[in-house]
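What follows draws every value from the coordinates through simple rules; no lab data is involved. The shown structure was predicted, so the numbers you read here are calculated from the model rather than taken from an experiment. Here Cβ is always computed from backbone atoms with ideal geometry, including for glycine, and neighbour counts include all displayed protein chains.
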Amino acid sequence: MTADRYDALVIGAGMSGLAAGIRLAQFGRRVAILERHALWGGLNSFYKRGGRRFDSGLHALTNFARPESKTAPLSRVLRQLRLRFDDLHLGEQGRSRLHLADVRLDFSNDFALLEAEVARAFPAQRTQFASFVRAVREAEPFTTVDPSASGRAFLREHLTDEDLVEALMLPLCWYGSAREGDVDAYQAIILFRAIFLEGLARPRGGIKPLLDLLVARYKAEGGELRTHHGVESVLRDSRGAARGVRLDSGDELLSDRILSSAGYVETRNLCGESSAPADQGRLSFVETQRVLSQPSASIGALHTLVFFSDSLRPAWRRPEEPVDLSNGVIACSDNYAGNEIAPRGLMRVTCLANPETWCAYDEAEYRTQKDRWEDAICAAAAPYAADPRPLTTQVDCFTPRTITHYTGHTGGTVYGSPRKRLDGDSGVPNVHLIGTDQGFVGIVGALMSGISIANRHALVAQ
Amino acid sequence: MNREEIILAIQDIIKTIAPDEDVSNLKTDVRLRDQIELDSMDFLDIVMELRKRYGVQVPEDDYKELATLDGCVAYLGPKMQGKSLKVGV
Ligand SMILES: Cc1cc2nc3c(=O)[nH]c(=O)nc-3n(C[C@H](O)[C@H](O)[C@H](O)COP(=O)(O)OP(=O)(O)OC[C@H]3O[C@@H](n4cnc5c(N)ncnc54)[C@H](O)[C@@H]3O)c2cc1C
């Protein structure tokens, strides 16, 4: 048994782990990132199938900001990681849409479009919407908002038309709510800024070039990235404080600083600690991607993203049935500016799914159900964009089972535990949470999470 | 390191952290934050770079001493004595 000592160990090579690793390596700390899988990226990774590279979850990079806006989250993340905006090769969205029953609101990276759309569809809410937007701009989500406050209640403080409230809630839930039926108020503020006030973009070439940049930065600073290195458990001293990890291989690595992106419940499991049932997230997704023989726009799917719902009161909860076809998100990646997908198209549709059902199927039943629901999802999305099926050259679909397998997140959760730990507190001394369960979601959010927890718990408190 | 060198050292660190900022015209008696866009995360990087390049430790309670270039000179002067300037690292 070999024991090696590190200034810090990072569990998981997702966005948050890579960012934390860069920060630590950049300032001369001896750090290793331990990743169970062959590839890095976590929830936002890539894989090859039929000679083509697929991204596992890239709808949009939220928080789009030009480099001039120095206080924007994206600019701050780039500065902290010493990356250049131009190296991201971001292509901006075209038009996107919120489409709930007969309500349609278009938006783009020019916020004036959404303002005009709200004024058109909800003329009586014009001034209320302006006051809501002012409140979102001025809020200090981490200091003045109660972390358990309801996002819907926050919207209702300003907006009196329930249809408008629900239309705006839909993308806020879809892009980052771990809470059933609602979104935390502070998250709602961050997400509204990230989606509407900042904007959406896609790195040219998908997620891999961005991950390549992060990994190259990390390695250039001397960081060690160890794939196929799963953490089996966290080693603790007689006072209960972490002193290292035991790997799946049985080897031990020692450090009294552990940053974990495995999730709150999952990290506590690694430490031999239990957690409350209410800490376990319940929301998971099924997502299908279809490569088309021609651009999405040529078959009438003109928007970059469509958040759709067949009713004005979409349900943001774990469905009874395997998949909830009543609401979801469509992303036409080839509708981003400057993408590399043309002359093909790439349409992606995501719906809520029941993880228990998907994990209980035997292998044969799983294949059957997956094909059946994949087709049903395409049919459900068709009225809001176009039917991708006739032009499909390749299909790939993942379920809660896939997410659990590749990221270790119990129950296939994407946005993790509904109770976030903004201070990174895992309840175990020397173990700090980063990423989703610390409370920041999405690509830019997870990067920011890794940075801020590494700064606070491994650089300042050295 | 003398006054000029300490100022150069800080300017070079800021250039590393925020490559787009023009650091040549910074006033020495005005808060850095009021002249260039530096948030508390960037400020931490100044402290971390001082440690990395010069082995100088600045405890968290003393960060405020580094608010202006004059403050940096006064606070870092004794700590940087006998060290040589490292720029462009
Ligand atoms: C379908 C889908 C679509 C998405 N679309 C977008 C999008 O368009 N835009 C956006 O901004 N965000 C999107 N997200 C969300 C975004 O991907 C996540 O919020 C973010 O990547 C989370 O990063 P993380 O570092 O917190 O965690 P993760 O990415 O989950 O990283 C955790 C890592 O830890 C590893 N790990 C876990 N346990 C162990 C262990 N015991 N030992 C070793 N390694 C371990 C896992 O393998 C994993 O690599 C999407 C997510 C999904 C699933």
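To the nearest 20 Debye, how big is the dipole of the range A:261-328 about its Cα centre, given +1 on the beta carbon of each Lys and Arg and -1 on that of each Asp and Glu? Walk me through the numbers on the way to the answer.
Details: 6 positive and 8 negative charges, 30 e Å.
That gives the range A:261-328 a dipole magnitude of about 140 debye.
Each part gets one Cα centre, and for the range A:73-132 versus the range A:1-66 those centres are 28 Å apart.
When the Kirkwood hydrodynamic radius is evaluated over all pairs of different C-alpha atoms of the range A:357-432, what value in angstrom, to one decimal, is obtained? Can you show the working numbers first?
Working: mean 1/r = 0.0646 Å⁻¹.
Over the range A:357-432, the inverse of the mean reciprocal pair distance is 15.5 Å.
The range B:67-89 and the range A:158-211 have Cα centres separated by 44 Å.
Taking every residue in A:22-31, how many Cβ atoms of other protein chains lie within 10 Å of its Cβ, on average? Can you show the working numbers first?
Values: counts 0, 4, 0, 0, 4, 7, 3, 0, 0, 0.
Average neighbour count from other chains, rounded to a whole number: 2.
Considering every Cα-Cα pair within the range A:282-407, what fraction, in whole percent, is farther apart than 17 Å? Across the range A:282-407, Cα pairs with separations above 17 Å total 56 percent.
Under the rule of -39500 (n - 2.57) per DSSP H run of 4 or more residues, summed and divided by the residues of the protein assembly as shown, what mean residue ellipticity at 222 nm is obtained, to the nearest 500 deg cm²/dmol? Before the final figure, lay out each step's value.
Values: 18 runs with 191 residues, N = 551.
Estimated from H runs of four or more residues: -10500 deg cm²/dmol.
Across the range A:22-71, Cα-Cα pairs more than 15 Å apart make up 69 percent of the total. Axis angle, to the nearest 10 degrees, between helix A:126-138 and the longest C-alpha principal axis of chain A: 10 degrees.
Give the whole-number value, in cubic angstrom per residue, of the convex hull volume spanned by the C-alpha atoms of the range A:180-285. Kindly include the intermediate steps, with their values, before the conclusion.
On the way: hull volume 20.6 nm³, N = 106.
Enclosed volume per residue, from the Cα hull, is 194 Å³.
For chain B, just say rounded, prolate or oblate: build the C-alpha gyration tensor, square-root its eigenvalues into a ≥ b ≥ c, call rounded for a/c under 1.5, and beyond that prolate if a/b exceeds b/c, oblate if not. Because its axes are fairly even, with a/c under 1.5, chain B counts as rounded. Semi-axes of the equivalent ellipsoid for the range A:109-198, computed as √(5λ) from the eigenvalues of its C-alpha gyration tensor and ordered from largest down, come to 20, 14, 13 Å. Think of each Lys and Arg Cβ as +1 and each Asp and Glu Cβ as -1; about the Cα centre, that makes the dipole of the range A:253-385 roughly 380 debye.
Taking only the C-alpha atoms, wrap a convex hull around the range A:62-109 and report its volume per residue in Å³ as a whole number.
Details: hull volume 4.2 nm³, N = 48.
Per-residue hull volume (Cα only) is 87 Å³.
What the Cα convex hull of the range A:1-110 gives, in volume per residue, is 184 Å³.
Number of Lys-Lys pairs in chain A with C-alpha atoms under 28 Å apart and a separation of 8 or more places or on different chains: 8. Between the alpha-carbon centres of the range A:384-398 and the range A:403-437 there is a gap of 33 Å. Taking the Cα centre of chain B as reference, the dipole from Cβ charges on Lys and Arg (+1) and Asp and Glu (-1) amounts to some 460 debye.
The value of relative contact order for the range A:282-407, using C-alpha pairs under 8 Å at least six residues apart, is 39 percent. Projecting the Cα atoms of A:Ile377, A:Leu225, A:Gln289 onto the charge dipole of chain A (Cβ charges, centred on the Cα centre) puts A:Leu225 farthest toward the positive pole.
For chain A, the Cα-based Rg and Dmax, in that order, read 21.4, 70 Å.
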